[in-house]
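The values are calculated or read from the model by the stated rules, or taken from the named source; none is laboratory data. Bear in mind that the values here come from a model prediction, so they are computed numbers and not experimental data. Positions of Cβ are generated from backbone atoms using ideal geometry, with glycine treated the same way; all protein chains shown enter the neighbour counts. For accessibility, only protein heavy atoms count, side chains too; no ligands or nucleic acids. Shrake-Rupley method; radii C 1.70, N 1.55, O 1.52, S 1.80 Å.
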Amino acid sequence: LQQALEQRRTELVGQLDQLTQLKLKSLAAERDQVELLHTQLTSCLEYVEGSLTTGTQEEILGMKGSLLQQISQITGNFNSGILAPKEEASIFLVADSDLHHACKGFAGVVDQPEKPVCPEKCYCTGDGIKSAKIGELATFIVHAIDRSDKECRQPVKGLSTELFSCRANTKVDCQMRQVGESKYEVQYQPVNRGQHQLHIRIKGKSIKGSPHTVVARPSLQS
């Protein structure tokens with residue numbers, strides 16, 4: 001079985017080499033035709049520039065009809081179809097998105113643009129969006145989601161959190177840091193008991209579930 005597989009591999013490699021050589025010859029012929037056209041048009045351009053510089057008005061006007069005829073002949077014989085691929089690829093190995101992901105970070109590979117974050121699809125998890133203890137750190141996680149319901153891998157700009165004490169009418173300081181490609185950890189420490197309003201926004205737009213009502217209770221140690 002191993003010998004048969006190796007033989008088949010050798011045959012396929014040979015066929016691929018033959019196809020490659022045929023394609024290279026075809027591309028070389030098409031390149032020569034394009035270069036010839038370029039040379040002809042360059043010659044016409046140089047002739048025009050020289051006539052405009054040194055020719056009289058009568059010579060310039062008389063040259064117009066002849067020049068247009070020459071350009072028409074040159075471009076008329078050119079088949080623009082050679083600039084397009086002769087045929088579509090007959091082998092499909094991997095999806096384009098998978099290829100870009102596999103090649104990400106290599107020089108010369110352009111990454112596909114990431115989809116922007118969608119505030120309406122982002123959400124929070126963790127006890128910190130419901131309850132907290134006075135004098136102790138409370139934590140929750142903001143999950144960044146794009147419009148296709150996938151994790152948003154690009155940095156989220158304009159993400160803000162605000163926590164207000166309804167009883168004291170004061171703002172509680174919140175600290176935020178990125179803990180993953182699409183996750184942001186938020187910590188705060190309430191000082192007043194009772195209800196708080198937690199607002200999470202991205203560029204001024206509230207995310208899913210915001211505002212949250214957080215109840216702060218005395219710590220067991222107090």
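Of note:
- The residues on offer are L163, L137, and the sole one that is under 29 Å from R193 (Cα atoms), in contact with a strand residue (DSSP E or B) (Cβ under 7 Å, 6 or more places away or on another chain), in contact (Cβ under 8 Å) with a residue 40 or more places away in the chain and open to solvent by 40 Å² or more (accessible area, probe 1.4 Å) is L137.
- Considering (1) within 19 Å of K208 (Cα to Cα); (2) over 21 Å from the mean Cα position of the chain (by Cα); (3) modelled with pLDDT under 95, the lone condition that C166 does not fulfil carries the number (1).
- Residue match in region 52-68 (condition: closer than 30 Å to E151 by Cα and either at pLDDT below 70 or among the β-branched types (V, I, T) (or both)): no
- Applying a threshold of 6 Å to beta carbon distances and a minimum spacing of six or more residues, or different chains, the list of pairs starting in region 166-177 at a residue that is in a strand (DSSP E or B) and ending at one that is charged (D, E, K, R) reads R177/E185.
- Scanning region 187-205 for residues that are closer than 26 Å to Q154 by Cα, in contact (Cβ under 8 Å) with a residue 60 or more places away in the chain and touching a strand residue (DSSP E or B) at 6+ places or on another chain (Cβ under 7 Å) yields Y188, L198, I200, R201, I202.
- Across region 109-134, the qualifying residues are those that are part of a loop (DSSP other than H, G, I, E, B) and open to solvent by 70 Å² or more (accessible area, probe 1.4 Å), and the one among them that is modelled with the lowest pLDDT is V110.
- Taking region 180-199 as the range and being over 16 Å from D146 (Cα atoms), outside any loop (DSSP other than H, G, I, E, B) and either out of contact with any His (no Cβ under 6 Å at 6 or more places or on another chain) or open to solvent by 60 Å² or more (accessible area, probe 1.4 Å) (or both) as the test, the residues that pass are E185, V186, Q187, Y188, G194, Q195, H196, Q197, H199.
- Cβ pairs under 7 Å, 6+ apart, first in region 22-50 and open to solvent by less than 100 Å² (accessible area, probe 1.4 Å), second of a type in the set (S, T, N, Q): C44/Q70
- Inside region 140-160, residues that are in contact (Cβ under 8 Å) with a residue 24 or more places away in the chain and not in a strand (DSSP E or B) make up a count of 11.
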